[in-house]
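The values are calculated or read from the model by the stated rules, or taken from the named source; none is laboratory data. Fair warning: this is a prediction, and the values are worked out from it, not measured in the lab. Note: ideal-geometry Cβ built from the backbone for every residue, glycine included; neighbour counts use all protein chains shown.
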Amino acid sequence: MTTALDLSAAPGSAAQRPGGAVAAVLTLTWASLVSFVREPMAFVMGLLYPLFMLILFNAVFPGEMNGGITFGEYMLPAMMTMGVLMTCMQILAISVAAERESGELKRLAVLPVPAWAYVAAKCLANIVLSVLNIVVLIGVGGLVLGLSLPIRAASWGLAALTLVLTIGACTALGLAIGRCCPSSRAASGILTPVIIILQFVSGLFLPLSQLPAWMVHGFSVLPVRWSAELMREAFLPASAAVAEPTGGWETGKGLAVVAAWLVGGVVAAVVITRRDTVDR
């Protein structure tokens, strides 16, 4: 999963002209998006897998859960979180590791492109893919499956804030992990089982109230668990909170944990990138 970058095709390239840094970011972003579409596994896992799981669970479990919601309505915010996690962390880490392995990062380092342009492009590409994922899930969930959607502006505001923090945290972690892995195969081998485990222990596939207490408390330090709960709070009625471990929403705590992971991820990405000599 590599990106084809060509910013130095001629003298006076985009990166050297006025506004060239912005042009470089847009070029790198476009390269990342094209690479994503051309990579079948990335496209399937990043966009189609969350949608498929939403449709599957809605069909297999048509009845109501505790709190007066259907399983499909429970799965909708969960799959939004899953889409962000897979796109912004797993697929990004594999992509960065592949670019590191192929020498793409070393070639990029000698071009007249600001060092931050690569990171900015990855962030922008992740935002575009995440928004696309969310729009598809909401569109299919609301229009095709007939799932209830929030009507209050505050709910949409909480969802937007949660997604911004989650996209930022997962992107930072994806960049850091990708820089640590010697190859794309190594990155995939590390993250695939981690993602599978997170799906079950973070309340994505099963309500947290159905999990053992040690599992709920042990994995509550992770951002996915809180991102999923915050999205459920935004999309589900107040009665659905009975399925949470405390029987209520923990908005402040959830935002704090995800924000902490965002800060920690950024610090880790900066430190690891500076210590990585592959592009020097």
Going by the structure shown, is Pro182 more than 20 Å from Ala121 (Cβ to Cβ), at pLDDT below 90 and not aliphatic (A, V, I, L, M)? yes
Determine whether Leu76 is of a type outside the set (D, E, K, R), touching a residue at least 24 places away in the same chain (Cβ under 8 Å) and in contact with a Pro (Cβ under 7 Å, 6 or more places away or on another chain). no
Can you name the residue in the range 38-54 that is surrounded by fewer than 20 Cβ atoms within 10 Å (Cβ to Cβ) and modelled with pLDDT of 80 or more and, of all such residues, is farthest from Met79 (Cα to Cα)? Arg38
Find the helices (runs of 4 or more DSSP H) located wholly in the range 157-241 whose residues include 3 or more that are buried (at least 18 other Cβ atoms within 10 Å of the Cβ) and touching a residue at least 24 places away in the same chain (Cβ under 8 Å), and list them. 184-201, 223-235
Among (1) farther than 19 Å from Leu204 by Cβ; (2) part of a helix (DSSP H, G or I); (3) not hydroxyl-bearing (Ser, Thr, Tyr), the one test that Val113 misses: (2)
Return the total of residues in the range 168-187 being among the small types (Gly, Ala, Ser), over 15 Å from the mean Cα position of the chain (by Cα) and farther than 17 Å from Ser32 by Cβ. 2
Is it true that some residue in the range 16-29 is in a helix (DSSP H, G or I), surrounded by 18 or more Cβ atoms within 10 Å (Cβ to Cβ), modelled with pLDDT of 75 or more and of a type in the set (Ser, Thr, Tyr)? yes
Hey, Ala213 closer than 22 Å to Ser148 by Cα and of a type in the set (A, V, I, L, M) or not: no
Condition first: of a type in the set (S, T, N, Q) and closer than 15 Å to Met45 by Cβ. Now tell me which residues in the range 173-218 satisfy that. Ser184, Ser188, Thr192, Gln199
